[in-house]
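Bear in mind these aren't lab numbers, they're just calculated from the coordinates by the rules spelled out. Worth saying up front: this structure is predicted, and the values here are computed from it rather than measured. Here the Cβ positions follow ideal geometry from the backbone for every residue, glycine too, while neighbour counts run over all protein chains shown.
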Amino acid sequence: TLVYGIFRPGNVYTDPATQEILGFEAIEVGSAKVIDQDTDVTTFTIISVREDVRIGDRLMPTEERPVESTFYPTSPSKQIQGVILNVLGGVTQVGRYDVVVINRGINSGLDVGNVLAIAQKGAQIMDRFDRRTVELPTERSGILMVFRLFEKIA
């Protein structure tokens, strides 16, 4: 029996510096299996859903992708500087165990298990005494580990 994933188009990930399209997010909505197939029409039955299936959702054959359960933290083979493009789950602040998308991937030399420092850019504030804008220093705010890699994003 053929099983398909039901996906909804999500974000288009672009590099903030170059505006190059890095990838497209596919939000998994559920899964369905083929129950009948004619030359032009295929009938499915939905076998699981995470949220309502809507017009415009896409069906794609599911791919077997093993999930690594053991990671070996390592430093990247070279210096990597990138940007967090998205925090998955609809939140704006990153917390422990949140999943983020970064604008670096296999092409940048990343590997599964690589650990990267996260730096928070300093805010710009107004100096109340001499009325000029001052940029606060960038500070280390955490670390992340790469667990899933694509060509241009992780």
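General remarks:
- Computed from the alpha carbon atoms alone, the convex hull of the chain holds 183 Å³ per residue.
- With at most 12 neighbouring Cβ atoms within 10 Å, loop chymotrypsin sites (Phe, Trp or Tyr not before Pro) (DSSP) excluded, longest segment of the chain: 1-96
- Ellipsoid semi-axes for the stretch 111-154, based on the Cα gyration tensor and the rule √(5λ), read 36, 10, 5 Å when sorted largest first.
- Comparing Cα centroids, the stretch 83-147 and the stretch 1-66 end up 29 angstrom apart.
- Applying 1/(1 + (r/R0)^6) with r as the Cβ-Cβ distance of Thr43 and Asn86 and R0 = 30 angstrom yields a FRET efficiency of 0.30.
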